[in-house]
Amino acid sequence: MKKVTKICCIGAGYVGGPTMSVIASQCPNIKVTVVDINQVRIDDWNSNDLDQLPVYEPGLKEIVAASRGKNLFFSTDVDKAIDEADLIFISVNTPTKTYGKGKGQAADLKYVELCARNIAKVAKNDKIIVEKSTLPVRTASAIKSILDNTGNNVKFEILSNPEFLAEGTAIDDLLNADRILIGGDDTPSGKAAKNTLSAIYEQWLPKERILQTNVWSSELSKLVANAFLAQRVSSINAISALCEKTDANIAEVSRAIGTDSRIGPKFLNASVGFGGSCFQKDILNLVYIARSYGLQEVADYWEQVIIMNDYQKRRFAEHIISTLYNTVSGKKIAFYGWAFKKDTNDTRESAAIYVADALLDEQAEIVVYDPKVSAEQIYRDLDYLGSRSPEENRRLLTVISDPMEAAENAHAIGILTEWDEFKSYDWDVIYSKMLKPAFLFDGRRILDKDTMKSKGFHYYKIGQS
């Protein structure tokens, strides 16, 4: 089994940065270098102000502070890191395609291919290449084909090591992982490569939590795990709509079914909808793969999870409009939260983006407060949709740093992220600042209905009549 002394990770984003920081902290004998062509991102990772790290995760800055400059390094010198490394993680973005065949469903692998070609060009000795990005089934064979046909007679072993991190708890997920999945060839060299990667994780995790499979099973398992989790969210959100039409309470329904040991309580919290970098992208990828093999019914089944999620976001926006007397034109609506969930600054596929887009189409004036998301990111999210000009987005939507200011003369407040700090606000003061009647739309079910109504709010809580 090869002894690893130097690791390179290509991609310093939400997966690469935290994962490599934890590996460095747990494996002080290994030099870990995270590389990215984005100079600003690398500068942020190297910033003396640890609150400036490009990724916000509880516990991350302490991990980085302990290892950075010792055996953890962030650099834009990609070629040097590739050349030195024994083991290379590919952790670049794999967004859903916005063009050509598979548009709107298939994963765009251009960044992965660019990495493979760069590795083939630079590498002068044998390497283990690890897919860390979420990739469609059989991507490893494409990477291997590129490396074998364009390299310098270097031997490469390709492994699949998908991440199963939940943003907001990523550090704990890494330190106390339920399982580590390593897929690779069942050849002698493939088994040796899997054992080499396993040995790294075994420095802090029990060996029985490290599962070795063939590469195809590993790649598919990642997509299926996220599809199953998202399916639960869409399932409970579908029932939340029914609860609102009856006297049922979605919290009571969730508790009742969650106590069934066959079902369990996790991912049964109704909300305005799931977001993040993985769920929607992975399900769409699964749908595309199923359709490409002629499995239409399988594709239709999983696509319904996305359709239900979109419906939940649209339903929330439409409820705001109908409650505000069927018009929000010129009305100030405050958004508390923009991140797709608490304890992260990630906004990818956040429900807030699509609810805001629907309200802006109705000429609402939106004011956003989020404790971790920058104004630049919020405007990028809206501009990416292309629903209106960047100038109009900036005219209709304002980002501020004070939640109390956001409430000033607002017709309504929408809670779009379940940040804990929202629960401790002085809601009497917030009510006093708003126009009357004051409407409060709780898309994350974090406040008590009776308490809010007693303060004077016209209060709406998803999944409750």
Ordered by residue, what ³J(HN,Hα) values in Hz, to whole numbers, does region 249-264 give under the Karplus form 6.51 cos²θ - 1.76 cosθ + 1.60, where θ = phi - 60° and Gly and Pro are x? 10, 4, 5, 6, 5, 4, 5, 5, 7, x, 7, 6, 4, 6, 9, x
Size descriptor, Kirkwood hydrodynamic radius, that averages inverse alpha-carbon separations across region 168-275, Å: 16.7
Potential extension, S47-S322 segment - 0.36 nm per residue separation minus Cα distance: 94.3 nm
Subtract the Cα-Cα distance of Q296 and M404 from 0.36 nm times their separation in residues, and report this length gain in nm to one decimal. 33.9 nm
Region 107-211: which GluC sites (Glu not before Pro) are DSSP loop and have at most 15 other beta-carbon atoms within 10 angstrom? E202
Where labels lie 7 Å past Cα in the beta-carbon direction, separation of S235 and D178 in nm: 1.4
Aspartates and glutamates with Cα under 14 Å of K455, excluding same-chain neighbours fewer than 8 positions away: D426, D428
Which order do the peptides 20-27, 424-431, 333-340, 216-223 take when ranked by the mean count of other beta-carbon atoms within 10 Å per residue, highest first? 333-340, 20-27, 216-223, 424-431
Helix-only [θ] at 222 nm, the chain, -39500 (n - 2.57) per DSSP H run of 4+, per residue, nearest 500, equals -13500 deg cm²/dmol
Long pairs among K80/K132; K266/K423; K6/K144; K80/K222; K144/K372, criterion Cα-Cα beyond 28 Å: K80/K222; K144/K372
Principal axis dimensions, largest first and in whole angstrom, of region 358-440 by Cα: 38, 27, 17
Within region 448-465, whose backbone N sits under 20 Å from a point 7 Å along Cα→Cβ of L242? 461-465
Projecting each Cα onto the charge dipole of the chain (Lys/Arg +1, Asp/Glu -1 at the beta carbon, about the Cα centre), which of A317, S234, S91 comes out farthest on the positive side? S91
Out of residues 5 or more away from I413 or on other chains, whose amide H comes under 5 Å of its own, with H placed 1.01 Å from N in the peptide plane? A334, F439, L440, F441
Apply the Karplus parameterisation 6.51 cos²θ - 1.76 cosθ + 1.60, with θ equal to phi minus 60°, to every residue of region 33-40 and state each ³J(HN,Hα) to the nearest whole Hz, in sequence, with x for glycine and proline. 10, 9, 10, 7, 7, 7, 4, 4
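Since every read-out is calculated from the coordinates, none of them should be taken as a lab result. The shown structure was predicted, so the numbers you read here are calculated from the model rather than taken from an experiment. Reconstructed Cβ throughout: ideal geometry from the backbone, glycine too, with neighbour counts over all protein chains shown.
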